[in-house]
Protein chains: 4
Amino acid sequence: MSDTFPEGLQEFLHQLNDDMHAAADWGTPAGYIPELAAVDPAQFAISVAMADGRTISAGQHDKRFSIQSVSKVFTLAAALGRIGDALWARVGREPSGTAFNSIALLEQERGRPRNPFINAGAIVTTDALLDGRQPRDALAELIQFIRAAAEDSDIHIDKHVAASEEATGHRNAALAHYLYSFDNLQNDPDLTLGTYMHQCAIAMTTDQLASAGRMLSGLEGAPRLISARRARRINALMMTCGHYDGSGDFAYRVGLPGKSGVGGGILMIAPGKASIAVWSPGLNHYGNSKAGTEAAHRLANFTGWSVFGT
Amino acid sequence: MSDTFPEGLQEFLHQLNDDMHAAADWGTPAGYIPELAAVDPAQFAISVAMADGRTISAGQHDKRFSIQSVSKVFTLAAALGRIGDALWARVGREPSGTAFNSIALLEQERGRPRNPFINAGAIVTTDALLDGRQPRDALAELIQFIRAAAEDSDIHIDKHVAASEEATGHRNAALAHYLYSFDNLQNDPDLTLGTYMHQCAIAMTTDQLASAGRMLSGLEGAPRLISARRARRINALMMTCGHYDGSGDFAYRVGLPGKSGVGGGILMIAPGKASIAVWSPGLNHYGNSKAGTEAAHRLANFTGWSVFGT
Amino acid sequence: MSDTFPEGLQEFLHQLNDDMHAAADWGTPAGYIPELAAVDPAQFAISVAMADGRTISAGQHDKRFSIQSVSKVFTLAAALGRIGDALWARVGREPSGTAFNSIALLEQERGRPRNPFINAGAIVTTDALLDGRQPRDALAELIQFIRAAAEDSDIHIDKHVAASEEATGHRNAALAHYLYSFDNLQNDPDLTLGTYMHQCAIAMTTDQLASAGRMLSGLEGAPRLISARRARRINALMMTCGHYDGSGDFAYRVGLPGKSGVGGGILMIAPGKASIAVWSPGLNHYGNSKAGTEAAHRLANFTGWSVFGT
Amino acid sequence: MSDTFPEGLQEFLHQLNDDMHAAADWGTPAGYIPELAAVDPAQFAISVAMADGRTISAGQHDKRFSIQSVSKVFTLAAALGRIGDALWARVGREPSGTAFNSIALLEQERGRPRNPFINAGAIVTTDALLDGRQPRDALAELIQFIRAAAEDSDIHIDKHVAASEEATGHRNAALAHYLYSFDNLQNDPDLTLGTYMHQCAIAMTTDQLASAGRMLSGLEGAPRLISARRARRINALMMTCGHYDGSGDFAYRVGLPGKSGVGGGILMIAPGKASIAVWSPGLNHYGNSKAGTEAAHRLANFTGWSVFGT
């Protein structure tokens, strides 16, 4: 695959970082989690883990940020590893057409969330991973899974962010109790919710996130944590559902499977070519990183990595 | 790209045809268009237009069927050619999460359809293509466009099917009048609706449809009717929105951009590798070809053509 | 019932008329029907048909206005007279919680409108009245019914308003085609729609409308066109559904069954006491007469006619 | 008002009780609260508190049952007494058109429940009554209010039912957390929820409930706990919203303001004439007492007490 290596990528990434700072079109950090609301939006980082084993980065690629909903990708992979396709009896695989925290659709579909990347679906996925254990045990498994994917043991939960979420996460609490009322949680809602909020509070650098994403990219030399078939399928879910009600636009403009988080991170996969992480904490109106989405668009144009053609 | 040529494809396609007939798991033809309801469901055809210029087929690949909503791909390409990205002011690019003929979402979004592949969005796209002309002129342009893409002049509208739809298409008439009430039709609703119903009644063989799809595949030697960038973007829309509320599942199981029609046809694109058409008139509960979806799944497994990795 | 006669009612009505003109808080005439949009909003009329046979009025009580949706009360009474309770298989009796022209609920409930006073339900009711006849025959029956109720033969359809609606009624056309697609229209949608639009264009004065409403009031000496039981039931529907998504507020503030129209008219029934018509063409945000609603509120306070207690 | 006294009412009520037992068309007790699910459905009671001071009853009129949502009427009256019309900034007055425990509408209307009688609205009303106090203080006030209305100090909360609800009320917990996320709860959600569930667990006999309802009936000699105007307005809300998505049908068939509870109780008001309580624990598909609704219908026919005419 060396023929797919884009010449000048390092220079491009530095230029991208400069351009983002020059444009200063940062959006607004997520307001509903106090610890995140205080973050300076004028920050940017991008890391690309390549097929040849290198990671090329620019900007604040060593700075940890809260991965938030990007964690849903890893939780999904870990939960599928634990209970297999039985998960799909409890959660669907279709784009929701609604906001990430919508509860209306859940009523209409009688407690079966549309996909594992909206909050309701991720809570069910977390419940499946929890599987009767103590939250600390499930979280330990998840953290170990991510560390193994990234081949980096220095990945942790940010306890301040977790505490900040627990105090404010009433929308998620509503979802959890609602799911429980439809028998689609198997653990105590407070335990599942606590686990969910802690996993969202995992902090990573873009270097770490890009490394961890290699397991979905089919990159040679990456740790083999899941089968190639499961990786393809998770990529498919990221493409159709990874950016909430902005998923179609991301597919249209960027053409790569991706998963965003309200902490401003986006993980993208260019199958067979690279795993990419970008971060900038200001959000657009969909709740996805504003500068991050723009950078993803430019990177896709530069590299020609769209899965939809050259 | 000759290295991507899958050995044994011709044999595989014959076997696939045999398997489909042996399984006899055909689903039910669309009931609401009288001309289609009478079709025998026990029919199957598949054609693959390859990068090396060949088309490999099996089953009834010379038999014409009503392409129905597959036409939306060509209408979109033609309408974008005519009015460019101005179209996106009138129609969105997000999966709808609802059935193909839903009107509820249209009320919520005040007359701007979610994407060009649900009926409401296709009616707006047709209206953009009509653009003040007589229906026959717009239809002539569209037919010419498809003939040029397929390099085959023997492609026509089936007037019996068109007449059958006009008599029964009250759900579409509701959508057209509703769109008009929000000023999102620029032609008389009856003219737009008539044009829409005629385009849905285009009849093609799988050989013709696979040939016509080459313009989206980046295949060498294919007619250059649209830019590579536009082709990628239409592929992205097919991936996220091409199978209505079954789009996520198709992406998950097949991993290729595709567009289905209630006539039982599916057009799929393997970027850089092939354009594929499959047909079987019985439908699954999403309104997509049942045997066609199963065949798509098996073909993707055999070829490894999923855009989401190998 | 002479003990219920409110002393000083004539003076109160004159004062009410003066107050409305002094406040000049008229709202905005309906914009979507050209003939109505041009009406001067600074107009007011009120008429009260009493148990003792008198009609007491103030303001422009001799001026004809377009009764619009108030006609739905008479169409319902006439349709029930024609087909009886079989109507309720086709239309419900519950408040809709949505706007008068909503189509989303109709999709959810598979073509059975929530009640006969939202547009979709009134179109079905009109279809039941049409009953295979020519529109002119059904309209003649309806006009005769209203004339008999008002004991006044000088009541007509305003053909300019009818024509104005036909040119602009695409939202209603959408509803009609949608209903037809669920087999809940039995006549050609265009015939039903034309009948519906003509009945909405009936022009009456408040004196005429108050007189016509006596059939619902149980007033002695009123023409007996429907049974007491049916009158009670129509009143109940007016109470729960007569003002679209403002019905609850009207019940709360006024406490009388009422039916509004976008022409600015409101018919109210004080069972056993009076039939009241008020008119002012400017509308509030629910699409009900703004000054008319305010006047209804004040009249209810003055008379103590609320059905909910003294 | 002695002229409104219906002759033979006592005999009619005994006959009604016999008829209900003979028909044995009881419906099914509410399944989701374990303590209620175990109740024998073959039970019936009816009590009518008259203008002349008598209470006439039949069936098990001395048996206590869980009033459940009927309590919402008293909570509303008490909360309006405490914070006045400021409550209406937090909750609407329109029929919801949806089930009693729907959360979808709440999302659409951004946390402001449609009316105080659906669960979400009642939770907000309870929160207003709680008003920073301890649950036991708010509950003591409410119980005192009901005792004063009924002039009977022997009214209590059934702690078994309250405990049963707390264990199973995850749908209500979802609503409470959801409301809190929109800043429409001012107390800790668990405190508001606990208060709400305890108020629903108040147990009363039909004699007590009919007596307590006199404050809404304008009956002479009844305790004056709220103004006549407020009583009328609460009656209006009961008429338009008192039976969830069966409110329109109850108004149509019975013609009296009423409020039902899933314990099988219904409180009805015949303004100026009587306050009526009926109980039978089996429910119809709206979640209202099946035999109770039928009895209400027959009583209204016998007495001619419909507010909509004679």
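All of the numbers you see were taken from the coordinates with simple rules; none came from a lab. Just so you know, these numbers come straight off a predicted model, no measurement behind them. For neighbour counting, all protein chains shown are included, and Cβ atoms are generated from backbone atoms with ideal geometry for every residue, glycine included.
Odds and ends about this structure:
- 25 Å Cα-Cα reach of A:K159 towards lysines, excluding residues that sit fewer than 8 places from it in its own chain: A:K63, A:K72, A:K259
- Our coupling estimate for segment C:207-221, obtained by passing each phi through the Karplus curve with A = 6.51, B = -1.76, C = 1.60 and θ = phi - 60°, is 4, 5, 5, 4, 4, 5, x, 4, 4, 9, 8, x, 6, 5, x Hz, Gly and Pro reported as x.
- For D:I33, net neighbour charge (Lys/Arg +1, Asp/Glu -1) across residues whose Cβ lies under 12 Å away: -3
- Angle of helix C:228-241 to the longest C-alpha principal axis of chain C, folded into 0 to 90 degrees and rounded to 10: 90°.
- Assigned charges on the beta-carbon of Lys, Arg, Asp, Glu; chain C dipole about Cα centre (debye): 780 debye
- Cross-link reach is defined here as a Cα-Cα straight distance under 15 Å, omitting same-chain residues fewer than 8 places apart; for B:K290 the aspartates and glutamates meeting it are B:D19, B:D25, B:D40, B:D245, B:D249.
- Inverse of mean 1/r across different Cα pairs in the protein assembly as shown, Kirkwood, Å: 33.0 Å
- Pairwise alpha-carbon distances in segment D:69-201 exceed 22 Å for 30% of all pairs.
- Positive-pole candidate from C:A236, C:A212, C:L105, dipole of segment C:103-258, charges at beta carbon: C:A236
- Per-residue mean of C-beta atoms belonging to partner chains within 10 Å, peptide D:94-104: 5
- Counting Lys and Arg as +1 and Asp and Glu as -1 over every other residue whose Cβ lies under 15 Å from the Cβ of B:I266, the net charge comes to +2.
- For chain D, with +1 on Lys and Arg beta carbons and -1 on Asp and Glu, the positive-most of D:V124, D:N284, D:S153 along the dipole: D:V124
- Between the helical axis of C:119-130 and the longest alpha-carbon principal axis of chain C there is an angle of about 70 degrees.
- With Cα atoms, 0 to 90° folded angle of helix D:135-150 axis to chain D main axis: 20 degrees
- Dipole moment magnitude, nearest 20 debye, the protein assembly as shown about Cα centre, only Lys, Arg, Asp, Glu C-beta charged: 0 debye
- Our helix-only sum for the protein assembly as shown, with -39,500 (n - 2.57) per DSSP H run of n ≥ 4 divided by its residues, gives a mean residue ellipticity at 222 nm of -14500 deg cm²/dmol.
- Other protein chain Cβ atoms within 10 Å, averaged over every residue that makes up B:250-257: 6
- Charge tally in the Cβ shell below 14 Å around A:G246, where Lys, Arg are +1 and Asp, Glu are -1, A:G246 excluded: +1
- In this Cβ point-charge picture (+1 for Lys and Arg, -1 for Asp and Glu), segment B:69-202 has a dipole of about 280 debye about its Cα centre.
- Counts of other chain beta carbons within 10 angstrom of each beta carbon in peptide A:167-176 average 5.
- For chain A, the pair-distance distribution built from all alpha carbon pairs, in bins 10 Å wide starting at 0, is 7, 31, 38, 20, 4, 0 percent.
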